[in-house]
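All remarks here apply to the structure that follows.
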Amino acid sequence: MPADGFLDYIELPGPDIPATKRFYGSLFGWTFTDYGPDYVAFDSAGRQGGFNAERRVVASGGPLIVLYAADIDAMEAKVREAGAEIISREKFEGGRRFHFRDPNGNEIAVWTKS
């Protein structure tokens, strides 16, 4: 049983469940479990979360999910090929990252060590 305060699960707006599954499955190899037509859970190498079609509003400036990539340039190319909009790039001490919008409008970041 997790300790109090343990980050246990991440849930994001997902008004387009089929597009969400195609996007994250093809890009990152995430696997999915459907719980009805309006909810899908995902597994990303042991980290779990879900996309909820009933949560339609994507808040600007809300929480940011950050993924890791060993080769950030190759990952950015894959994200672009999957049709995502790259919305920013930045370098910082110790690394680089870019942000994109998924099919639901969620802002997601990908980073790597420099």
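Computed from the coordinates by the stated procedures, all read-outs in this text should not be read as laboratory data. All values derive from a computational prediction rather than experimental measurement. In this analysis, Cβ positions are derived from the backbone assuming ideal geometry, glycine residues included, and neighbour counts consider all displayed protein chains.
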Can you tell me how much longer the chain between GLN48 and VAL66 gets when fully stretched, taken as 0.36 nm per residue apart minus their C-alpha distance, in nm with one decimal? 5.1 nm
Using amide H atoms built in the peptide plane, which far-off residues or other-chain residues are under 5 Å from GLY95 H to H? SER114
Consider a paramagnetic label point 7 Å from the Cα of VAL58 along Cα→Cβ; state which residues of the range 79-95 have an amide N under 17 Å from it. 79-89
Point-charge dipole on Cβ atoms (K/R +1, D/E -1) for the chain, about Cα centre, debye to 20: 320
Hey, if you put +1 on the Cβ of every Lys and Arg and -1 on every Asp and Glu Cβ in the chain, which of GLY61, PRO15, ALA74 ends up farthest toward the positive end of that dipole? ALA74
Mind listing the long-range amide H neighbours of LEU67? Cut-off is under 5 Å, sequence gap 5 or more, other chains count too, H placed in the peptide plane at 1.01 Å from N. ALA109, VAL110, TRP111
Of all DSSP beta bridges in the range 47-114, what percent run antiparallel (nearest 5)? 80
From the coordinates shown, Kirkwood radius over Cα pairs in Å corresponds to which of (1) 16.3; (2) 14.0; (3) 14.9: (3)
Post the alpha-carbon centroid distance, the range 70-114 to the range 23-49, in whole angstrom. 19
